[in-house]
Amino acid sequence: MAVQSKNNDKIDNRLYKEKINYYLNKRKWSIFELSQQADISAATIYEWYHNKKRPSLTNITKICEAFNITLAQFFSETSGEHVAANLSELFRLCKDLNYEEVDAILQIVKHINK
């Protein structure tokens, strides 16, 4: 029998699992390492993986903090949305930098794109 939420909808955490797995692979972390970094029990994360519970926004925020990403980055559906979220974050972080600091970042990006 499928696990159901309180409003009788089946719980489907595929999106969460895909996003978490993407960032786990990117960082080369296990679920145990994520649980330590995010201060969430591994058992709770496994409950999400087995569709027994939905992750709360609080726990998704903790996961984002552990991965050092924004909620927008976590919930972006396409690579274009992900890039847009990253650029927004970059702009936010750079807004208080002086001209020389912004120029240094620009030079780094140009070097990476060669």
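The values are calculated or read from the model by the stated rules, or taken from the named source; none is laboratory data. Fair warning: this is a prediction, and the values are worked out from it, not measured in the lab. Here the Cβ is made from the backbone with ideal geometry for all residues, glycine too, and neighbour counts use every protein chain on show.
Could you name every one of the helices (runs of 4 or more DSSP H) located completely within the range 28-114 that has at least 3 residues being in contact (Cβ under 8 Å) with a residue 12 or more places away in the chain, surrounded by 12 or more Cβ atoms within 10 Å (Cβ to Cβ) and out of contact with any Lys or Arg (no Cβ under 9 Å at 6 or more places or on another chain)?
Per the criteria, 57-67, 79-94.
For the range 83-105, name all the residues that are over 17 Å from residue 68 (Cα atoms) and under 25 Å from the mean Cα position of the chain (by Cα).
Passing the criteria: 95, 96, 105.
If you scan the range 1-23, which residues turn out to be surrounded by 12 or more Cβ atoms within 10 Å (Cβ to Cβ), at pLDDT 50 or above and assigned to a loop (DSSP other than H, G, I, E, B)?
11, 12, 13 - these are the residues of the range 1-23 that are surrounded by 12 or more Cβ atoms within 10 Å (Cβ to Cβ), at pLDDT 50 or above and assigned to a loop (DSSP other than H, G, I, E, B).
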